[in-house]
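Data first, discussion second: the structure below is written as structure tokens.
Read-outs throughout are calculated quantities, based only on the coordinates presented, and are distinct from any laboratory measurement. Only a predicted model underlies this, so the values are computations on that prediction, with no experimental measurement involved. Cβ placement follows ideal geometry from the backbone for every residue including glycine, while neighbour counts extend to all protein chains displayed.
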Amino acid sequence: MAAAGALVGVMVVAGAAQAQIAPRSKAPLDIAADESEILTNECKSVWRGDVEALQARTRLRAQTLNVFAAKKGSECGETERLVAEGQVYYVEGERKVRANNAVYTARAETITLTGDVVVTEGQNVARADRVVINLQTGQSQMFSNSKGRGGKSRVRAVLYPSGKPE
């Protein structure tokens, strides 16, 4: 009986089918980890240990993934946000992003990656303190905590117009 209750808790709290880490995908969100904890009263599930979330051809990896669902009275509704922490990797098509943390927000359909962010696409490489990816439009914005020419951690990119180094 307890196992059945835990399974129902995973299905209700995770609400994973509503989450979208893959742009414009109707594929289910598949999460795997070393362990999972369901906090039904908080409408939250916590996935720990080499977490991997897959949806279509998009992948999100981290050490911990917190899944927050909307609270609707005494029930849990759709997924509102995912919070990934520790050695975060987000891969979508040719774009690969490494960061310390990531937050997916369902309503805005964005993923915000923070902490020593490195983005690669083919030969192109960019660095920033924070990157915001709009999953609807594919648009990315990069931000730095440092300003001015002398700033050590300004947004920086090395871009190859032909895609190949000379």
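Structure summary
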| quantity | calculated |
| --- | --- |
| Gain upon complete extension [Tyr89, Arg57; 0.36 nm per residue less C-alpha separation] | 10.2 nm |
| Net charge over other residues, Cβ less than 13 angstrom from the Cβ of Ala32 (K, R count +1; D, E count -1) | -2 |
| Label-point separation in nm, Ser153 to Asp34, each point 7 Å along Cα→Cβ | 2.7 nm |
| Formal net charge of residues neighbouring Val119 (Cβ-Cβ distance under 14 Å; K, R +1; D, E -1) | +1 |
| Full-stretch length increase - Val118, Ser162 - with 0.36 nm per residue and alpha-carbon distance subtracted | 13.8 nm |
| Neighbour net charge for Ala106 - beta-carbon separation under 13 angstrom, K R +1, D E -1 | -1 |
| Cα convex hull of the stretch 29-140 - mean projected area over all directions, nm² | 7.0 nm² |
| ³J(HN,Hα) computed for each position of the stretch 58-71 - Karplus, 6.51 cos²θ - 1.76 cosθ + 1.60, integer Hz, glycine/proline x | 9, 10, 10, 10, 6, 7, 9, 10, 9, 10, 10, 9, 5, 8 |
| Residue pairs, from the table Lys71/Lys96; Lys44/Lys147; Lys26/Lys71, whose Cα atoms sit over 26 Å apart | Lys71/Lys96; Lys44/Lys147 |
